[in-house]
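What follows is one structure encoded as structure tokens, with my remarks underneath.
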Amino acid sequence: MSAPLKNGLETACFFAHSSPNAALAPPQRLDAHLQNVAELAARFAAPFGASALACAAGLLHDLGKYCLPFQRRLDGAALRVNHSTWGAKVALERYGPAGWLLAYGVAGHHAGLANGAGNGRLRMTLADRLADRQLPALDDAWQREIHLPAPADLLAEIGQLRPGASSSAGFSLGFLARMVFSTLVDADRIDTERYYGQFSPEDHHKAAARARPMPTLPELRKALNAHLQALQAHGGESEINRIRTAILAYARQQAACAPGLFSLTVPTGGGKTLTSLAFALDHAIAHGLRRVIFVIPFTSIVEQNAAVFRKALGPWGERAVLEHHSAFTPPDAPKGDADLYQAQAKLRLAMENWDAPIVVTTAVQFFESLFADRPAQCRKLHNIAGSVVVLDEAQTIPLPVLRPAVAAIDELARNYRTSIVLCTATQPALQAPQFRGGLQNVRPLVQDEHALARQLERVRVRHVGELDDTALAAHLRSREQVLCIVNNRRHARAVFQAIADAPGAMHLSTLMCARHRSQALATARQRLQAGQPCRIVSTSLIEAGVDISLPTVLRAEAGLDSIAQAAGRCNRNKEWPVEDSEVLIFANSQWPPPPDLKQFAQAASEILARPSCRQAPLSPEAIRAYFELLYWKKGEQALDKHDILATLKSSRPDNLPLEDVAQDFRLIQDNQQPVIVAWDDTARQTIEALRHAEHIGALARALQPYLVQAPRNAWRKLRDAGAIQPIAPERWGEQFMELVNPDLYSAQFGLWWDEPTFVSAASLVI
């Protein structure tokens, strides 16, 4: 590789990437790489009107490679060269205050987004990066080879931002910086992948898969229409089919409405899942939106809904639906089916950037990515813009981050041409003026939610007062088919032990691995369908979209939204008369609601005591009143625990706390550690494969159904007792901990760690 000429004459010697095989292809020219990334990033940013910003970021991101030390490094010299700071410095020199929005992403396109100033938690602040006086000299060649957009173009794009009532200029600027960063990261990775595809079969296959077209939204709609017609024909003229058809027709009529905020409030049994898909496809096609993203609170429901969508989309289902959560890797299709094999290869790649027509993901993935600082997490963000986002069960957004989450929803709708559908059976009161800084101009997709609630009424709800465990057990023994839901695992265990000898007694808990719970639920459904006794004691996990139906549900005092979810397991398909289908709420002073649920239960009790709500405790009016009361009781501070909105409001472009925000915005506080349970032969075979594997991604995901999350102190207790041991510790350390004492895992209760040294299971199970 040649070096720049001393006289500064133009040369072609600056490269971005070295060639692994010069016989196949020369090194990639730096100007070509920068131009490629700029063009891709600009295209990615077009849906939200920031092409000039993204183009500038693409041209600047590797500017520091225009220096002798980096070129020597490409030649094999053992040098560490900071190549990302120079682009950030030039961004500020060229664009002034607007340059800060570029500088964050350019400086962090490998390491991640930093705080603008102050102190960094994990990485150096941007201000400290820019103050580095040890940067190698930048060759003037970049000014001949790179032509940056005009400053006025960038200012015009920034000037289009419209801060909302729940956000601020600082919030909007931070959001935009993160979106532009997303376009840069994705474009950089794709262009690098294309270059190395000339040498690497893996990268070649990636590039080929990305180039493969996905099914179009009109194709998906055609398949969905055929599926819906078949369902309607099969349902005949029944009342429930007539109601579902009317809900579907009205929602689809609203698809012509301008992009923005929508609500779909449909009680259990109203066909909410397919109605939301039909509206989303119609709306996206009508307004040139690019994809549909379903955001779902729990992994189990992600898997369930993704399966429904694949079936509904017929021949396109396996090609179009990307299921993205921590427990899923798309299956490999038989290599003999080349077409399907390539399609699924593209879906696996789409996990990196959500470049798929239908994305089904978790709320954790979605919201934490919107506030993220790491390149891998942010890479997908630009593909949310210009999409339809269906937020399923929006009421499950944790209260400590509720206000920032609402601000992000509003920001997407306001500035990123994204339509948001709040889709739930219990619509939370997130709208202004009831919710300060809440959502405005939310248009309903149901003609009359109050009439609909009456039409789909399936249960009677009443409070039965105090029930101690003895009385609760008597209730369960007196009914052949009944579900009891309590607020914690120890209470569930105690109640089950009190009825364990009763026919059809079953227990469900998150201390059972997911595969174990699935098998238990399958057994329960079989017993129910056969008319056999089935007495289930469970924690709230069964409320999360589990398709099961019983004539009676007992629910320990909890939030009204939880009670409504519990009611969704009662007379789900109208198998019994409404008057014979009861949801019985009870108090139990032995087991009061845990501290984090206490305020939810108190708010519900106040609403249930109101005369206007007593007769219809799950009516839209009661649900709305409950959320208004709950949010008022919590107060604004509790709805933004880390003051994210206030911090961003006081921030300027040069001191955006991007790293701090990413660290503080967590839907789930990670205080648990996984334990692998060898529940069946598949688990045992996967564990054995893990001992010798070179690549662990697919194996780790295959083990997800066999994990039990234990509190860290319990996990340490099990480890210290030798009850759990690492798999291949010389390779993976304590990343994969397997339960090696089978006496600690019961077919009835799952994992239990109170006595980790015992050897007899008889002492565990009563």
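Laboratory data are not the source of any read-out in this text; all were calculated from the coordinates shown. Just so we're clear, the structure is a prediction, and the values are computed from it rather than from any experiment. When we count neighbours, we look across all protein chains shown, and the Cβ atoms used for this are built from the backbone with ideal geometry, even at glycine.
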Worksheet item: Spin-label point model (7 Å from Cα, Cβ direction): what's the HIS234 to ARG731 distance in nm?
Response: 4.4 nm
Worksheet item: How far is helix 681-690 tilted off the main Cα axis of the chain, in degrees rounded to 10, range 0 to 90?
Response: 20 degrees
Practice prompt. Would you mind ranking GLU730, GLU466, GLU352 so that the residue whose beta carbon has the fewest other beta carbons within 10 Å leads the list?
Written response: GLU730, GLU466, GLU352
Discussion item. Can you give the FRET efficiency to the nearest 0.05 for ASP654 and ASP140, using r as the Cβ-Cβ distance and R₀ = 25 Å?
Written reply: 0.35
Practice prompt. Starting from the Cα of THR470, step 7 Å toward the Cβ, then list every residue of the range 495-537 with an amide N under 16 Å from that point.
Written response: 495, 498-499
Worksheet item: At GLU575 and ALA502, where each label point lies 7 Å from the Cα along Cα→Cβ, what is the point-to-point distance in nanometres?
Response: 1.7 nm
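Averaging over all projection directions, find the projected area of the Cα convex hull of the chain and quote it in nm² with one decimal place. Don't skip to the end; give the middle numbers.
Details: hull surface 138.9 nm².
The directionally averaged projection comes out at 34.7 nm².
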Item to complete: Please work out how much length the chain gains when fully extended from GLN663 to ALA693, using 0.36 nm per residue of separation minus the C-alpha to C-alpha distance, in nm with one decimal.
Response: 7.6 nm
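Apply the a/c threshold of 1.5 to the C-alpha gyration tensor of the range 212-324 and tell me whether it is rounded, prolate or oblate. If you can, show how the numbers build up before the last one.
Values: a/c = 1.35, a/b = 1.22, b/c = 1.11.
Cα axes put the range 212-324 in the rounded bin.
So what's the projected area for the range 26-125, the Cα convex hull averaged over all directions, in nm²?
Values: hull surface 30.1 nm².
Averaging across all directions leaves 7.5 nm² for the Cα convex hull.
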Practice prompt. Calculate, for ARG462 and GLN526, the FRET efficiency according to 1/(1 + (r/R0)^6) with r their C-beta to C-beta distance and R0 41 Å; round to the nearest 0.05.
Written response: 0.85
Worksheet item: How much length is gained on full extension from ASP75 to ASP680, taking 0.36 nm per residue of separation minus their Cα-Cα distance?
Response: 212.6 nm
Worksheet item: Given the pairs LYS272/LYS311; LYS222/LYS574; LYS222/LYS311, which are separated by over 20 angstrom at their Cα positions?
Response: LYS222/LYS574
Fill in: Calculated from backbone phi, Karplus (6.51, -1.76, 1.60) coupling profile of the range 109-116 in Hz, x at Gly/Pro
5, 10, 7, x, 6, 9, 5, x
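Rounded to the nearest 500, what is the chain's calculated 222 nm mean residue ellipticity when only DSSP H runs of at least 4 contribute -39500 (n - 2.57) each, over all residues? Write out the running numbers ahead of the final one.
Values: 33 runs with 353 residues, N = 766.
Calculated mean residue ellipticity at 222 nm is -14000 deg cm²/dmol.
So for the range 457-620, Kirkwood radius off the Cα pairs, Stokes-Einstein at 4 °C and 1.567 mPa s: how many µm² s⁻¹?
In µm²/s, the coefficient is 82.
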Fill in: Residues MET214, MET179, MET124, MET512 arranged by fewest to most Cβ contacts within 10 Å
MET124, MET214, MET512, MET179
Worksheet item: At q = 0.18, 0.23 Å⁻¹, what base-10 log of I(q)/I(0) does the Debye formula yield for the range 672-763 when every alpha carbon is treated as an equal point scatterer in vacuo?
Response: -0.78, -1.22
Worksheet item: So what's the net charge close to LEU313: Lys and Arg +1, Asp and Glu -1, counting the other residues with Cβ under 14 Å from its Cβ?
Response: +3
Worksheet item: So what is the relative contact order for the range 672-763, in percent, with contacts set as C-alpha pairs under 8 Å and at least six apart?
Response: 30 percent
Worksheet, complete the sentence: With a 32 Å threshold on alpha-carbon distance, the violating pairs from LYS380/LYS641; LYS89/LYS380; LYS380/LYS633 are LYS380/LYS633
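Can you give the relative contact order of the range 15-211 as a percent, counting alpha carbon pairs under 8 Å and 6+ residues apart? Intermediate results must be reported in sequence, preceding the final value.
Values: 278 pairs, mean separation 47.8, N = 197.
Across the range 15-211, relative contact order equals 24 percent.
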Worksheet item: Using Cα pairs under 8 angstrom and six or more residues apart, how large is the relative contact order of the chain, in percent?
Response: 13 percent
Worksheet item: Packing-wise, with mean Cβ within 10 Å as the measure, how do 550-558, 699-707, 612-620, 75-83 rank, highest first?
Response: 550-558, 699-707, 612-620, 75-83
Item to complete: Determine, for each peptide in 581-590, 676-685, 23-32, the mean count of other beta carbons within 10 angstrom over its residues, then list the peptides with the highest first.
Response: 581-590, 676-685, 23-32
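Which FRET efficiency, nearest 0.05, do ALA131 and ASN488 yield, Cβ-Cβ r, R0 60 Å? All intermediate terms of the calculation are to be shown ahead of the outcome.
On the way: r = 52 Å, r/R0 = 0.86.
Computed FRET efficiency for ALA131 and ASN488: 0.70.
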Worksheet item: What list do you get for SER538, SER478 if you sort them by fewest beta carbons within 10 Å?
Response: SER478, SER538
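Of all DSSP beta bridges in the range 672-763, what percent run antiparallel (nearest 5)? Don't skip to the answer; put the middle values down first.
Details: 10 of 11 bridges.
The antiparallel fraction comes to roughly 90 percent.
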